[in-house]
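Accompanying notes for the structure given below.
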Amino acid sequence: MVFVRTTPPRPVEVTAVFPELAPLARPAIRLHPRPGSPSVKDSSVGGPLLWPADEPWPHCEDAHLHGDSGFRESPAQVRLGRHSRARRYEAPDGPSFTPEEQAALEQKAERYAELLDAGPPWPAERPVPLLPVAQLYVRDVPLLRPPGEADLLQVLWCPYDHEPNWKPATAVFWRSAASVVDVLATPPEPYEANCSGYVPEPCPLAPEAITEYPNSLDLTTELRKVVGDWSRWQAAGADVDGSYAEYPAEFYDGNLANAPGWKVGGWPPWGRTDPYRRYCTVCDAQMVPLLTIASFEWDSSRYGWVPYEDRAAYADGRPAGLSPAQPTRVEVGSTDNMQLYVCPTSPEHPHTDLIQ
């Protein structure tokens with residue numbers, strides 16, 4: 001099933017008010033993940049990957065940090081728990097699980113108990129199979145610039161915290177879809193996840209091309225003053241609420257600069273920290289945003305970015321975890337974003353990531 005999502009026009013035409021920003025426009029693609037059942041042939045978040053049967057599945061051999069949350073569930077248990085909560089919300093008097101789901105849950109629990117009873121080395125100390133995070137075909141996301149004949153980007157991560165920044169360790173793979181003849185039918189999964197937010201819910205995508213402008217923190221000192229000059233907004237006749245008169249840059253950042261949510265390309269969503277430039281460890285080139293992995297597609301302060309097609313559902317006020325603002329159920333950092341960066345000279349050079 002093909003679905004679309006449409007971002008409303010910006011409330012103010014950026015370059016009409018600030019023509020100085022025109023050279024800073026960047027293309028981006030909002031991915032608009034929404035829960036569903038993607039296949040290996042689809043672009044997706046958290047869906048199955050077109051992975052060759054004769055290629056080893058990637059594992060993480062780093063040290064794994066549990067933190068103090070006490071969370072210990074397998075990815076299957078996480079997903080079943082989500083489905084149970086959704087079912088209880090939609091039908092409060094109905095069963096939490098179907099008989100098939102209950103049997104699968106019990107089987108996973110028994111397997112997990114066996115692993116723990118076996119004693120050290122505990123599952124978290126063994127090489128951990130990575131979880132699929134995103135699969136993006138160039139046909140759906142033409143903004144991607146893969147190396148050579150590749151036309152497919154695959155991103156995975158380890159669902160444990162890693163030092164020094166307490167975040168999942170990420171892995172990036174580029175490949176040619178046509179070269180995959182036999183697909184790995186049953187990839188291994190981790191024994192457990194450090195956090196339910198590290199288990200993406202399978203979501204097909206509705207990619208949408210947009211134009212972004214830099215966050216005010218990414219502007220030069222001179223341009224930051226320009227954006228913060230309320231008289232410029234007034235002179236241009238911009239229809240902006242007078243409550244922003246003291247801090248017009250807040251309106252710019254929230255409504256005109258970079259889009260929230262999962263996206264490819266564009267500008268980084270600074271705010272948690274000041275801009276932090278990343279440089280390639282091979283050629284020292286300044287790296288550029290590849291993928292933004294978002295905890296939320298939007299929040300109440302950025303309602304203007306809510307697609308037309310989601311506004312009715314968002315207005316229903318569904319509880320956390322069931323809102324269209326959090327379709328992937330991913331949470332990184334303190335409900336922040338994880339940005340993946342690549343080298344503009346060669347996407348085959350090692351990538352890096354940053355919680356922001």
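Things worth noting here:
- The chain: calculated mean residue ellipticity at 222 nm from DSSP helix runs of at least 4, using -39500 (n - 2.57): -5000 deg cm²/dmol
- If R0 is 35 Å, the Cβ-Cβ spacing of A235 and T335 corresponds to a FRET efficiency of close to 0.40.
- Remark: the V2-R311 segment gains 109.4 nm on full extension, using 0.36 nm per residue and subtracting the alpha carbon distance.
- Accessible surface for D140 stands near 50 Å², nearest 10, in the context of the full protein assembly shown (1.4 Å probe).
- Modelled spin-label separation between Y279 and R318, with each label point placed 7 Å from Cα along the Cα-to-Cβ direction: 4.5 nm.
- Surface composition of the chain: carbon and sulfur make up 52 percent of the accessible area, probe 1.4 Å.
- Probe 1.4 Å, accessible area per residue of the chain, Å²: 48
- Gain in span if fully extended, D182 to K225, counting 0.36 nm per residue against the direct Cα distance: 9.8 nm
- Counting only heavy atoms of the protein chains and using a 1.4 Å probe, S301 has close to 80 Å² of accessible surface.
- Translational diffusion of the chain, µm² s⁻¹ [Kirkwood Rh, Cα pairs; Stokes-Einstein; 10 °C; 1.306 mPa s]: 72
- Label point 7 Å beyond Cα of E90 along Cβ direction - residues of segment 14-45 with amide nitrogen under 19 Å: 33-39
- Peptide packing: for 330-336, 231-237, 258-264, the average count of neighbouring Cβ atoms within 10 Å per residue gives the ranking 258-264, 330-336, 231-237, highest mean first.
- Extension gain, W166 back to T15 (0.36 nm per residue minus Cα-Cα distance, nm): 50.4 nm
The values are calculated or read from the model by the stated rules, or taken from the named source; none is laboratory data. This one's a predicted model, so the numbers in the text were calculated from it and none came from an experiment. Because the Cβ atoms are built from the backbone with ideal geometry, glycine has one as well, and the counts that use them run over all protein chains shown. In case anyone asks, the SASA skips ligands and DNA or RNA and just uses the protein heavy atoms, side chains included. Shrake-Rupley method; radii C 1.70, N 1.55, O 1.52, S 1.80 Å.
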